[in-house]
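Enquirer: My structure is below; once you've seen it, I'll send some questions.
The values are calculated or read from the model by the stated rules, or taken from the named source; none is laboratory data. What you see is a predicted model, and the numbers here were worked out from it, not measured in a lab. A quick note on method: Cβ atoms are made from the backbone with ideal geometry, for glycine too, and the neighbour counts reach across all protein chains shown. Note: areas computed on protein heavy atoms with side chains; ligands, DNA, RNA excluded. Shrake-Rupley method; radii C 1.70, N 1.55, O 1.52, S 1.80 Å.
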Amino acid sequence: MAQNIYDDEAFFAGYAQLPRSQRGLAGAPEWPALQALLPPLPGARVADLGCGYGWFCRWAAEQGAARVLGFDVSHKMLERADAHPRDNPAYERVFYRHADLETLRLPSLSFELVYSSLTLHYLDDLAGLIGNVRAALVPDGRFVFSIEHPVFMAPSSPRWSQGPDGRRCWPLNDYQREGERITDWLAPGVRKLHRTLGSLLNLLIDAELSIARVIEWGPTPQQIERQPELEEELERPMLLLVSAQR
């Protein structure tokens with residue numbers, strides 16, 4: 001079973017204070033780039049793997065998706081998603097399900113889009129999930145996801161340091177040593193699975209998915225002007241955004 005850190009009281013309390021928790025998609029600086037990878041949604045059947053508060057599920061319904069299924073292993077996340085006011089008729093097409101993505105089996109040929117945001121790096125059997133996603137997509141269906149970038153995840157001590165010239169530096173070691181990483185983020189003992197960039201992309205290729213776009217995300221000058229704290233994201237890629245097609 002995937003680690004369910006989001007049901008930890010301390011972790012969930014900290015997560016609730018993040019901009020992306022309080023402001024939804026607008027609070028995620030990578031959202032414009034991720035949104036640009038999405039196919040047209042009117043009439044589409046959509047699955048959101050690791051749906052969290054349900055922000056994307058509701059947005060997809062607002063864009064005209066015919067049916068949106070949000071899956072999450074965290075009961076607390078699903079409670080928050082289901083508690084959101086259903087003040088838009090489109091939200092009647094949104095359904096939330098408790099599921100462990102390590103064992104989830106999506107029905108074959110059932111979705112035009114499978115989406116996932118910042119969830120896949122928690123999974124041991126990512127190959128199994130991607131194979132299931134491929135089977136669940138209709139021909140030409142899309143798998144669009146974001147994941148922590150391998151350069152961000154790899155270090156044994158992932159924190160900024162100061163270089164000889166005084167600039168902030170991101171340490172990079174253990175990159176080729178794939179596997180478990182334990183970090184303290186919002187709560188101690190958060191478990192993730194590091195894979196190299198090549199390994200991640202090859203999982204898609206091995207599942208016979210065609211890679212349409214890969215973005216090593218960084219903020220735009222306009223975003224930095226509005227939020228100067230984002231400038232540090234130019235020093236190393238924090239997120240990887242991918243669009244793949246059946």
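Enquirer: If you roll a 1.4 angstrom probe over the protein chains with everything in place, what fraction of the accessible area of the chain belongs to carbon and sulfur, to the nearest %?
Expert: On the chain, the fraction of accessible area on carbon and sulfur atoms equals 51 percent.
Enquirer: Percent antiparallel among DSSP beta bridges with both residues in the chain, to the nearest 5?
Expert: 55 percent
Enquirer: Apply the a/c threshold of 1.5 to the C-alpha gyration tensor of region 66-194 and tell me whether it is rounded, prolate or oblate.
Expert: Prolate, since a/c reaches 1.5 and a/b exceeds b/c.
Enquirer: Which of ASN88, ASN202, ASN132 moves most in a GNM of the chain, Cα contacts under 10 Å?
Expert: Largest GNM mean-square fluctuation: ASN88.
Enquirer: Would you calculate a helix-derived [θ] at 222 nm for the chain, using -39,500 (n - 2.57) for each DSSP H run of n ≥ 4 and dividing by the full residue count, to the nearest 500?
Expert: Theoretical 222 nm ellipticity from helices: -6500 deg cm²/dmol.
Enquirer: Mind listing the phi-derived Karplus ³J(HN,Hα) values for region 82-87, rounded to whole Hz, using 6.51, -1.76 and 1.60 with θ = phi - 60°, and x for any glycine or proline?
Expert: Working through the residues one at a time gives 6, 7, 5, x, 9, 8 Hz.
Enquirer: At a probe size of 1.4 Å, how large is the accessible area of ASP87, to the nearest 10 Å²?
Expert: Near enough 120 Å² of accessible area.
Enquirer: Further, regarding this structure: Multiplying the sequence separation of ASP140 and ARG23 by 0.36 nm and subtracting their Cα-Cα distance, what value in nm do you get?
Expert: Taking 0.36 nm per residue and subtracting the Cα distance, the gain is 38.9 nm.
Enquirer: Under the classification rounded if a/c is under 1.5, otherwise prolate if a/b is larger than b/c and oblate if not, where does region 125-225 fall, given a ≥ b ≥ c as square roots of the Cα gyration tensor eigenvalues?
Expert: Because a/c hits 1.5 or more and a/b exceeds b/c, region 125-225 counts as prolate.
Enquirer: Please give the net charge around SER21, taking every other residue with its beta carbon less than 12 angstrom from that of SER21, where Lys and Arg add +1 and Asp and Glu add -1.
Expert: Charge balance in the 12 Å sphere: +4.
Enquirer: Now for a different question. Convert each backbone phi in region 7-23 into a coupling constant with the Karplus relation 6.51 cos²θ - 1.76 cosθ + 1.60 (shift: θ = phi - 60°), then list the ³J(HN,Hα) values in order as whole Hz, x for Gly and Pro.
Expert: Computed from phi, the couplings for region 7-23 are 8, 6, 4, 5, 5, 5, 5, x, 4, 5, 8, 5, x, 6, 7, 8, 10 Hz.
Enquirer: Consider the candidate values (1) 61, 34, 34; (2) 47, 37, 31; (3) 56, 40, 36; state which one is Cα extents along the principal axes in Å computed from the structure displayed.
Expert: Answer label, from the structure shown: (3).
Enquirer: Kindly state, to the nearest 0.05, the FRET efficiency for ILE205 paired with ASP87, given R0 = 51 Å and r defined as their beta-carbon distance.
Expert: 0.75
Enquirer: In square angstrom, what is the accessible area per residue of the chain with a 1.4 angstrom probe?
Expert: Dividing the accessible area of the chain by its residue count gives 47 Å².
Enquirer: Then there's this: When the Karplus curve 6.51 cos²θ - 1.76 cosθ + 1.60 is applied with θ = phi - 60°, which whole-Hz ³J(HN,Hα) does each residue of region 234-239 get, with x for Gly and Pro?
Expert: Once rounded to whole Hz, the list reads 7, 7, 6, x, 8, 10.
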